[in-house]
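Undergrad: Below you'll find the structure I mean.
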Amino acid sequence: MTNADERELRTASRRLALQFALIILGLFVALGVVVYTVVAAGQAEAARKVLADASMVDSPHDAPRNLLVTTVGPDGRDSSPDLPDGLPDEKALAQVEQSGGAVSSEVEAGGQRFLVETDVRHGRVVQIAYGLGEQQEELARLLVALIASGIIATVAAAGLGLLLARRSIRPLADALALQRRFVADAGHELRTPLTLLSTRAQLLRRHVVSTAHADEEVRTGLDEIVDDSRALTEIVQDLLTAADPRQTAEAVEVDLADLAGAVARAAEGRAAERSIAVVVSARPGALVTGAPVSLRRMIVALLDNALDHARSHIDVSVGPHRDSVVLTVADDGPGFSAGVEERAFERFASARDAQTAEPHGRHYGLGLALVAEVVSRHHGTVDASTRPEGGAVVTVRLPKRQ
């Protein structure tokens, strides 16, 4: 692995570990909320039960130590000793004295919360206050324990996630590094002979052009060889860029109509061998932003697929439509088999699976997959269909250059 690969491995491992830790933290927070809510609800229920059990207490002298009692009767007011400031709840006493009934409330007194129950018993107003200080302390201790446990669990999850992520990702990273090395080596080995081929073709063309009686057909053929060798070199570079996601091709303004016309002219020889007419109709303004070599590969793949299936005619149309540029390649062949349109752009999906009578060789289903990949890299869409009158139609929509 190179240093760049190692850095990518560490970055990916950290990202996965962080995501794993955040998931654990989220689950722990959800569990903590449930536990805290259940405990708080249980304590509240216990406090209410204590007050309910104290319903027979009507004298401060008979009250348990954890209850504070105040009574108001004809002979005056009597209260438990050492009542904190804020007790009794005068408002509740006045309300019960005036209208009767029972009043429940929570009162802050002496820095502590009390659950207070006020009602009328045996002709006297009785107010019983139950201190919630111990319950609040228990809840505070529980909250601290939950927070500490959550921090420990998150840190442990991050460490464990980092270890597992590195162990899980390393084989994949090694495979990707091997693939990149292979692609780089193959690209280097291909570029050298292609450069030599292009150079020799240009020298030969220069020699033939300087000859006074050179055959025009030979000159045209040499021009095509030079153009093809240059295109092959560009395609190799584009494949290298596509194989390594760390590289990006420079995006420039591309006239898709001009590009489609150039590809169609280059395919005239093959089309003529099969007596197929290729007609290009273009409207001005078909400008997109992208990599010219990739877009050329896309159009070549579309035209090759159409030439593979067409009987006598191929229509290529390019033009702007609203915010997009639409490229359509239609042929008069048998069209797509039933069910193939949905998977036509998958790798190794063949449009000839149900057309064994086709005489033009075996089809590996890579052309349309390449189209889908290029369209995706240019943020467009592609779809395939069969025309009612017969023949396949592949439509590409790319964002129009603004």
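The values are calculated or read from the model by the stated rules, or taken from the named source; none is laboratory data. Computed from a predicted model, the values in this text were never measured in an experiment. Neighbour counts run over all protein chains shown; Cβ positions are idealised from the backbone, glycine included. The area values use the complete protein model at the heavy-atom level, side chains included, leaving out ligands, DNA and RNA. Shrake-Rupley method; radii C 1.70, N 1.55, O 1.52, S 1.80 Å.
Undergrad: Tell me the residue from GLU137, GLU90 that is exposed (fewer than 15 other Cβ atoms within 10 Å of the Cβ), of a type in the set (D, E, K, R), without any contact (Cβ under 8 Å) to a residue 60 or more places away in the chain and closer than 30 Å to THR154 by Cα, please.
TA: Matching residue, one of GLU137, GLU90: GLU137.
For (1) modelled with pLDDT of 80 or more; (2) open to solvent by less than 60 Å² (accessible area, probe 1.4 Å); (3) farther than 20 Å from ASP89 by Cα, each residue gets a yes or a no:
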{"site": "ARG14", "(1), (2), (3)": "yes, no, yes"}
{"site": "GLN19", "(1), (2), (3)": "yes, no, yes"}
{"site": "ARG48", "(1), (2), (3)": "yes, no, no"}
{"site": "ALA63", "(1), (2), (3)": "no, yes, no"}
{"site": "THR70", "(1), (2), (3)": "yes, yes, no"}
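Conditions tested, residue by residue: (1) on the phi < 0 side of the Ramachandran plot; (2) at pLDDT 85 or above; (3) part of a helix (DSSP H, G or I); (4) more than 33 Å from the chain's Cα centre (by Cα).
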| residue | (1), (2), (3), (4) |
| --- | --- |
| VAL279 | yes, yes, no, yes |
| PRO284 | yes, yes, no, yes |
| LEU295 | yes, yes, yes, no |
| ALA301 | yes, yes, yes, no |
| SER337 | yes, no, no, no |
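Undergrad: Considering only residues of the range 95-113 that are farther than 20 Å from VAL50 by Cβ and of a type in the set (S, T, N, Q), which is modelled with the highest pLDDT?
TA: Once the filter is applied, the top-ranked residue is GLN95.
Undergrad: hydroxyl-bearing (Ser, Thr, Tyr) and open to solvent by less than 70 Å² (accessible area, probe 1.4 Å) - does that describe any residue in the range 160-169? Quick ask: steps written out before the conclusion?
TA: As a first pass, look at the range 160-169 and keep what is hydroxyl-bearing (Ser, Thr, Tyr): 168.
Next, only the ones that are open to solvent by less than 70 Å² (accessible area, probe 1.4 Å) stay: none.
The answer is no, given that none of the residues of the range 160-169 is hydroxyl-bearing (Ser, Thr, Tyr) and open to solvent by less than 70 Å² (accessible area, probe 1.4 Å).
Undergrad: Are there any pairs, at least 6 apart or on different chains, whose C-beta atoms fall under 9 Å, with the first in the range 214-232 and in a helix (DSSP H, G or I) and the second among the hydroxyl-bearing types (Ser, Thr, Tyr) and open to solvent by 60 Å² or more (accessible area, probe 1.4 Å), and if so, which?
TA: SER229/THR195; SER229/THR199
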